[in-house]
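The values are calculated or read from the model by the stated rules, or taken from the named source; none is laboratory data. Because the structure is predicted, anything quoted here is derived from the model rather than measured. Neighbour counts run over all protein chains shown; Cβ positions are idealised from the backbone, glycine included. The accessibility values were calculated without ligands, DNA or RNA, using every heavy atom of the protein model including side chains. Shrake-Rupley method; radii C 1.70, N 1.55, O 1.52, S 1.80 Å.
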Amino acid sequence: MGFSSSCSLFKHHLIISFIINLAIITISHVNGCFTSIFSFGDSLTDTGNLLQLSLSESKKLSHFDFPPYGRTFFDYPTGRCSDGRLVIDFIAEEFGLPFLPPYFGGENGKPRNLENGVNFAVVGATALDDVFFKERGIHNPSTNVSLGVELGFFKDVLPSLCSSSSDCKEFLKKSLIVMGEIGGNDYNYAFLQGKSTEEILHFVPLVVDTIASAIMELIGLGAVTILVPGNLPIGCSPAYLTYFHGSDMADYDPLTGCITWLNQFSEFHNEQLQKKLDQIRKLHRNVNIIYADYYNIAMRFYHSRNQFGFTETLRACCGGGGRYNYSSSMACGDPPLTTSCKDPSSHVSWDGLHYTEATYRWISKGVLEELYAIPYTNSLCFPSTVGKQIY
């Protein structure tokens with residue numbers, strides 16, 4: 001594909017940069033650096049917004065809102081698309097903060113305590129506006145919420161946290177902004193509804209520009225520390241592996257079983273996103289923008305599963321059967337046709353589209369402790385070191 005050579009060169013540069021920096025970086029514990037976290041995103045980050053929206057609007061609940069979702073940590077469904085906690089939950093724990101309440105829920109449909117942050121992420125959310133997809137015949141089965149809508153939620157909340165522009169900037173100096181992951185659904189809906197790769201490639205600069213615009217707007221409001229995750233390897237997703245089942249054997253990585261060209265697409269998005277983040281850093285040298293390399297963290301699970309305690313990498317823990325235990329017509333949480341594995345921590349994938357708590361724990365560990373972030377996360381609490389090496 002047209003983007004594969006570009007991705008290979010970029011990966012080579014990234015690996016060299018990582019090795020050089022690894023020798024001179026020392027990790028420090030980051031607990032207590034921030035007083036609040038504000039999160040944007042989709043089902044990888046939603047801690048209950050779609051559930052609360054469905055309840056408040058008397059809509060049919062999603063299959064995410066039924067057991068066995070939530071079984072590992074909460075013992076009941078919370079609206080999280082996993083068996084337990086998500087990356088955002090582990091990040092909050094690391095900084096000594098409570099789990100982020102969903103924007104929807106609580107008294108009068110809104111969270112009561114906002115001082116420690118709010119989660120605006122919604123299951124199914126896209127970076128691009130809903131009208132973009134409707135014009136192209138692409139259906140969003142979950143929501144019409146986009147990143148722009150979530151940013152509007154944030155701006156609605158801000159006056160309750162600070163009384164003036166200067167107050168808000170002071171408040172946001174002590175806040176961590178987590179921008180996603182977002183953009184994955186822009187591609188998921190298109191790929192899984194039969195759109196061509198050539199067409200979807202044209203979405204990438206639009207998605208990246210939308211993420212960048214949101215970051216710029218947040219900087220204008222006073223944000224100084226923004227964590228921006230990249231996309232995950234979709235070629236290893238049981239949903240994609242099922243949809244593209246029967247592809248040419250040459251399309252599969254013999255070492256992982258993942259579909260190579262789909263992973264190259266994810267890498268292309270991540271390459272373009274990082275280039276855009278570099279541009280923003282040059283414009284705002286006093287702002288700490290951290291790229292979280294979700295892709296390369298996750299690929300370790302498929303190359304060295306035993307190292308992380310996984311026995312199943314491509315087959316979902318909970319699903320409707322088949323080679324990858326995934327079926328779009330028999331989703332996890334749709335009784336009585338779907339089954340759940342005995343030990344979710346042995347699986348990378350929870351339901352074919354989302355990960356298990358064990359996987360999310362490893363991803364958060366990679367971001368916070370193992371240097372899979374650019375610049376590295378021990379610079380989160382030291383804005384003066386932005387653009388410098390930390391010795």
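Structure notes:
- Computed accessible area, Arg300, all protein chains, 1.4 angstrom probe, square angstrom: 50
- Residues whose placed amide H lies under 5 Å from that of Tyr252, excluding near-sequence neighbours: Thr260
- Partner aspartates and glutamates for Lys169 [C-alpha distance under 15 Å; skip if fewer than 8 residues away on the same chain]: Glu115, Glu217
- Largest to smallest accessible area among Lys59, Lys276, Lys174 [probe 1.4 Å]: Lys59, Lys174, Lys276
- Ile297 contributes about 0 Å² of solvent-accessible surface, heavy atoms of the protein only, 1.4 Å probe.
- In terms of accessible area, using a 1.4 Å probe and ignoring ligands and nucleic acids, Glu93, Glu150 rank largest first as Glu93, Glu150.
- In this structure, the amide hydrogen of Val178, modeled 1.01 Å from its nitrogen in the peptide plane, lies closer than 5 angstrom to those of Phe38, Ser39, Phe40, Leu227, counting only residues at least 5 positions away or on a different chain.
- For Gly319, the residues whose modelled amide H falls within less than 5 Å of its own, excluding neighbours fewer than 5 places apart on the same chain, are Thr339.
- Of all accessible heavy-atom area on segment 286-343, the percent that carbon and sulfur account for (1.4 Å): 47
- Surface accessible to a 1.4 Å probe, Trp362 within the full protein complex, Å²: 70
- What the phi angles of segment 233-249 give under the Karplus curve with 6.51, -1.76 and 1.60, with θ = phi - 60°, is a coupling list of x, 5, x, 9, 6, x, 5, 5, 4, 6, 4, 9, 4, x, 5, 4, 4 Hz, glycine and proline written as x.
- Accessible-area order (highest first, 1.4 angstrom probe) of the listed residues Asp351, Asp278: Asp278, Asp351
- Summing +1 for each Lys or Arg and -1 for each Asp or Glu among the other residues whose beta-carbon sits under 13 angstrom from that of Phe40 gives -4.
- Accessible carbon and sulfur surface of segment 133-180 relative to its total accessible area, %, 1.4 Å: 48
- Phi-based couplings in Hz for segment 93-103 (Karplus 6.51, -1.76, 1.60; Gly and Pro marked x): 4, 4, 8, x, 10, x, 4, 5, x, x, 4
- The residues of segment 113-191 have, on average, 37 Å² of accessible surface per residue, using a 1.4 Å probe with all protein chains present.
- The phi-based Karplus calculation (6.51 cos²θ - 1.76 cosθ + 1.60; θ = phi - 60°) puts the 3J(HN,Hα) values of segment 288-304 at 9, 10, 10, 8, 9, 7, 4, 4, 6, 4, 5, 4, 4, 5, 7, 8, 9 Hz, whole numbers, x for Gly and Pro.
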